[in-house]
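The structure under discussion appears below in the form of structure tokens.
Taken together, the values in this text are just the output of simple stated rules run on the coordinates, not laboratory data. Nothing here was measured: the structure is a model prediction, and the numbers come from that model. Note that we place each Cβ from the backbone using ideal geometry, even for glycine, and neighbour counts take in every protein chain shown.
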Amino acid sequence: MANKIPNRQMICDVLMRHAKTDKDLVVLCSDSRGSASLTKFAEAFPAQFVEAGIAEQDLVGMAAGLARCGKKAFAASPACFLTTRSYEQAKVDCAYSGTNVKLIGISGGISYGALGMSHHSAQDIAAMSAIPNMRVYLPSDRFQTACLVEALLQDTLPAYVRVGRNPVEDVYAEGAVPFTMDKATWLCHGSDIAILACGEMVRPALDAAEMLKHQGIGTTVLDVYGIKPLDTASVIQAAVGAKVVLTVEEHSPFGGLGAAVAQVVGANCPRKVVNLALPDAPVITGTSQEVFKHYGLDAAGIAKTAVQILH
Amino acid sequence: MNNTNLALLSWELRRDVVDIIMAGGGGHIGGDMSVLNTLLVLYKKHLNITPARVDDPDRDRFILSKGHSMEAYYAVLAACGFLDLADIKKRFSAFGSPYIGHPNNKLPGIEMNSGSLGHGLPVGVGMALAARMDGRPYRTYVVMGDGELAEGSVWEGAMAGANYALDNLCAVVDRNRLQISGPTEQVMKQDSQEARWAAFGWNVLSVDGNSLTALDEAFSAAAQYKGKPTVIIANTTKGYGSSVMENKAGWHHHLPTQEEYEQILADFAARKEAERHG
């Protein structure tokens, strides 16, 4: 792997850049500064850093209180805990009360691999998307992550962002990231199949498109980093331009990207929509790459499914 | 306003609370009555919030964490000019109304939405931290119910408030000793709350929470205390003010019958008269 920088580190870099001049920027962690790559932030800006201890409900509640008093609060904690233990705080204190809290779910999906289901967050898109006034983002690489955090710093609404633990291969080139907030990014165009992916599934989706090209299959790949609000115009456009739609996500088959896309496509431009996702079960033990391969969520698996549903 | 006039006002507001509940077809009447004097003393004597400064960065922050006591909060907010009592009575709980059964921060003067218990203290800790970060003098107040203290998140907030030595934070526990299923000590033991909060590192004041004077003195003492957050255990009576409902768990949420309504108002009037004559 060429890239050694995880997305979470990019979040820290962007926040540190802004914290120098923006004293209202506050970061909170729940004994998670190391795993969130925010130790440097805590050391450089101790007056703008709040430690909650292992208390995720308190983490999010405090973030909401700080935000209600004018702070731009970024609360970073493992996605598995942040989106379940403090779900009600996300719902009531952030979304319902309308506070400027950005919930950063680190080590999301199955990043924690062999640590087991307690540490996996394959339900976070479904859970967070179902909260009114909560936005949900899964950036695909480090450069898009930086763009997303820059954009989030410009608004005052709550949002949830999931990033993985490990470095992922770049999708974009540094300094040349096509990024418009809340607009999906078109990576390639083809008329046979449209692959819509989010988060760490975007890079393998793009690699799958290259494999399919060699088989004479034209593939559209859409980076749907924003699950909510969903860029419905791009989803419809991608579906209309293809024979079938394949969604790929590191998430439960319920309530994630696939469900959102199927809803939009079914209502607007009916096409066959197949959802590649994690199973509705504790996932098999392994590293992320091993698990992805096992469930057909790697490039070869995505290409194989694409061929199957086309024929 | 002196405490005698405040006492007279308290009885008028109790009547408003009951009228709001009658108009809306039900409400958390028992806890309204136990917490009303706490809200009244805070809003009339301690908080620097006025309708003209609801967005002032130096305003004191108030969170009704026991959000179900909303009818009492409506009465006090109306008495302080934030809301229109007649409009509340007309639309409480009605279709499309902003006057719902829990705090709605789309209404002027209400900082945070609540309703689910155990949220207020962590939020209040965040507000108090913000004041310290910004060097602002405002204080943050969080009012909780005693049944609410079974929520673990309360103790996460208590831990953080003490950890950060937030002496600009004051919590109140409306210790009426009743919750929806019965006495708190039967549902889930709490005694001694004083010892528990002290063990968490808080300055603890345990007072007669039905007494306006005792509450007034406690809030003044809390504001002077340095180095720790203060919790005021306000020992109150659920349903305070009328024998119809005092200390009756069944009145946690209730719509009085017409007969009960008349008796309650008669009790309030008699207590007010007694107050007037010392």
Likely footprinting exposure, A:H214, B:H68, fewest C-beta neighbours within 10 Å first
A:H214, B:H68
Return the subset of A:K91/A:K228; B:K44/B:K226; A:K71/A:K228 for which the Cα-Cα distance in this structure is over 21 Å, preserving the input order.
B:K44/B:K226; A:K71/A:K228
I need to check one value: relative contact order of the stretch A:181-231, counting alpha carbon pairs closer than 8 Å and at least 6 residues apart, in percent.
55 percent
Find how many whole Å separate the alpha carbon centroid of the stretch A:229-250 from the alpha carbon centroid of the stretch A:1-48.
33 Å
Pairs over 27 Å Cα to Cα, from A:K40/B:K228; A:K72/B:K106; B:K66/B:K228; B:K89/B:K189; A:K72/A:K183, come to A:K40/B:K228; B:K89/B:K189
Tell me the trypsin sites (Lys or Arg not before Pro) within the stretch A:160-263 that lie in a loop according to DSSP and have at most 16 other beta-carbon atoms within 10 Å.
A:K243
Cα centroid separation - the stretch A:149-204 against the stretch A:272-311, whole Å
20 Å
Fraction in percent of alpha-carbon pairs per bin - 20 Å, chain A
36, 56, 8
How high is the relative contact order of chain A, in percent, counting Cα pairs under 8 Å that sit 6 or more residues apart?
16 percent
Out of all DSSP beta bridges with both ends in the protein assembly as shown, state the antiparallel percent to the nearest 5.
15 percent
Straight distance only, please: which lysines reach the Cα of A:K304 with their own Cα at less than 26 Å, same-chain residues fewer than 8 apart left out?
A:K213, A:K243, A:K272, A:K293
Among B:L107, B:L255, B:L77, residue whose mean-square fluctuation peaks in a GNM of chain B (springs only between Cα atoms under 10 Å)
B:L107
Built amide H within the under 5 Å cut-off of B:I233, gap 5+
B:V173, B:L205, B:S206, B:V207
Find me the longest stretch of chain A that has none of the exposed GluC sites (Glu not before Pro), where exposed means in a DSSP loop (not H, G, I, E or B) with at most 16 other Cβ atoms within 10 Å.
A:1-168
Mind jotting down the distance between the C-alpha centroids of the stretch B:158-219 and the stretch A:53-76, whole Å?
23 Å
Tell me, what is the percent relative contact order of the stretch B:66-212, built from C-alpha pairs under 8 Å that lie six or more residues apart?
18 percent
For A:Y160, net neighbour charge (Lys/Arg +1, Asp/Glu -1) across residues whose Cβ lies under 13 Å away
+4
What FRET efficiency do you get for A:D280 and B:T4 if R0 is 56 Å and r is their Cβ-Cβ distance, rounded to the nearest 0.05?
0.25
Among A:G61, A:G164, A:G199, whose mean-square fluctuation peaks in a Gaussian network model of chain A (Cα, cutoff 10 Å)?
A:G61
Of chain B, which part is the longest with no chymotrypsin sites (Phe, Trp or Tyr not before Pro) in a loop (DSSP not H, G, I, E, B) and with at most 15 other C-beta atoms within 10 angstrom?
B:96-224
The protein assembly as shown, helix-only ellipticity at 222 nm - DSSP H runs n ≥ 4, -39,500 (n - 2.57), divided by all residues, nearest 500:
-11500 deg cm²/dmol
